[in-house]
Structures are given as structure tokens and as C-alpha cells.
Amino acid sequence: MGIHRGPATIRSPGIFPGNLLLLLLGARWPETAPPPGRPVPDEDPRVLRQSLREARRGLSRPRRRAGPPPCATPGVVCRGSPPMVALTFDDCFLPHLMEPLLQDLEAAGARATFFCVGRIFRAHPELVRRLVAGGHELGNHTLHHRVLTPHPDPAIIDAELDGWQRAVEEALGQPYPTRWFRPPGMAGFTTEADPEILEAVRRRGMRVALWTLDIYRTLDRQGVRDPERVAAFLREHVRGGEIILLHISSWNVEGARRALPDLAARFRLVTLSEMFPPDAP
Ligand SMILES: [Zn+2]
């Protein structure tokens, strides 16, 4: 588990300790369709499995820190229990891709959680109503996809969280009890929970929703933008109790749609609030 192992030695998709932090700090989903990916590297299943184990542990691996790891922090969730699986889709920068996905989810009796950016809801208020009507859940992902660290400014945190909430409620025309926040770029929740962000989230009655399986950093960032590869990966690697991080990109959406029959047959595909009911600890 060499912390100095760098991208030059990596031959297959995956997250490695040496580049995990850089990926996390630099992670920002492009707001328009991304440029063509670099060539897909050769895939070695053994290396892929190892990288998955490391990616999963990465959220809770001990590091030099003052506080507990994010997943051990009260108010942060990373994993539920089988047979539930929570599919989560972030950003929604390409909202026109969503309707076929929603139809497939609903046909499969599945519900998902969408961490769309608030400004997308401002531009597409009908999307808010569509998601809620389909039984899906909305989570706060800030108004502008703002990375809230390394120097949290309470005024910006408040404006971003409340701006998202206002965008949702204006679109719905009624209050929406938001229970989940997901930090853009994972900022503030890489090695330990940022206390200021966590407190702002708690004050609004929300918890922080991270994940166990990160399709973006495991495949997308490695140049894998092939729906069939995404689908095969989901079929092979999703386990009961997991929270899956996907994005609204053409290959993630199409990959999820192709994997859906298999996932729906093996798991209960639920929203985060179904996985963690409000009265649960
Ligand atoms: Zn995001």
C-alpha cells in the first residue's frame, strides 16, 4: 500500500493512496460535457479489485488527524445494511439525460437520491417536481457546486446551503424537508469531518451522505467513459448496504440503466431516507 505509488505505475482503473488525496482535492465535475477521455488503460482484474478495496477503505483509513475519520463521525453516513442499496446521482449538469433514467428506475420499483446543484433547479424547476413525483429524494449539493474548504467562510456556507433549499422550495411551491448534504468535491470530508460545515449541516436538520463505491473516481477519472464498462462494474461490484456515487453523465446514466435489472433483482434500491429512516440513530 505504498503511499508514494504514483499514476505512472498504475495500469488499470482504480484509486490508489498516492493519488487519492490529490484526486479528491482536485475533484470538480465539469459543468458541460467533458472532453473526450484519454485512452482506457488495460484492465487487470486483480489490480482493479485491490484498488476497490483501497477506495472503500479510503473513507475510513486512519491518517494523521485530530478528529475521527468522516465515516466514524456522528452526523455522517457512508454505509447502510443489506439488502438495501442506495443509488445516488450528483450534480445533474446535464438534466436532459435524466428522464429515461427516471422512467427505468420507476419501472424497476427503484428509488434514488439526487444531489443536483441548486442552480440547475433554478433553471429547470420542472425537474424538482418530476423527481419528487417519482418518489425520489433530493439532497443538498450547494447552490453553485461550491467547494466549501479549505477555508470555510460561514457566510458562504450559509448562502450555499440556504440557496439550494430556496431553489427547491421555489420550484415545488412548498417546504421540502431536506435530510442530506453531500459536499462538492468531498471537500471538508476527506480525512476528517470539517466541524464548521458539519455544524451548519446539522443546524439545518441534515446529515452528510458520503458513499462506499465511487464510480467517478474509480472509472471516470481513469478515462473509462463506456456505458457497458460502467454497467459491468456495477453488476460485479455492488454489494448490499452500499451507497453508490454516480453522476449525471451519459455513460454513468446509460451504465446504470443497463445494470438496473440485475441490481433491482438482487437488492432493494432505496433512497437514503429509506436506508436511514429519520428516527434511526
Ligand atoms: Zn458534485
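Quick note: the coordinates plus some simple rules give every number you see, no bench work behind them. All of these numbers come straight from a predicted model, not from anything done at the bench. Ideal geometry is used to build each Cβ from the backbone, glycine not excepted, and the neighbour counts take in all protein chains shown.
Inverting the mean 1/r over all pairs of different Cα atoms, compute the Kirkwood radius of region 185-232 and quote it in Å.
On the way: mean 1/r = 0.0774 Å⁻¹.
Mean inverse Cα-Cα distance, inverted, gives 12.9 Å.
When the alpha-carbon atoms of region 128-192 are used, the pair Rg, Dmax equals 12.8, 38 angstrom.
At q = 0.12, 0.17, 0.18 Å⁻¹, work out log10 I(q)/I(0) for region 67-275 with the Debye formula, treating every Cα as an identical point scatterer and leaving solvent out; two decimals please. Result of the Debye calculation: -0.57, -1.19, -1.33.
Where both bridge residues fall in region 67-275, DSSP classifies roughly 5% of the beta bridges as antiparallel.
Under Stokes-Einstein, with the Kirkwood radius over Cα pairs as Rh, the value for region 163-262 at 20 °C and 1.002 mPa s is 138 µm²/s. Ordering of 105-116, 137-148, 170-181 by packing is 137-148, 105-116, 170-181, highest average first (other Cβ atoms within 10 Å, averaged per residue).
Any chance you could tell me what percent of the C-alpha pair distances in region 114-164 go past 11 Å? Of all Cα-Cα pairs in region 114-164, 68 percent lie more than 11 Å apart. Packing around the peptides 93-99, 271-277, 182-188, taken as the average count of other Cβ atoms within 10 Å per residue, puts them in this order, highest first: 182-188, 271-277, 93-99.
Note that region 176-182 has calculated 3J(HN,Hα) couplings of 10, x, 6, 10, 9, 10, 10 Hz, one per residue in order, obtained from phi through the Karplus relation 6.51 cos²θ - 1.76 cosθ + 1.60 (θ = phi - 60°); glycine and proline are x.
Take 121-133, 76-88 and order them by the average number of nearby Cβ atoms within 10 Å per residue, most first; the result is 76-88, 121-133.
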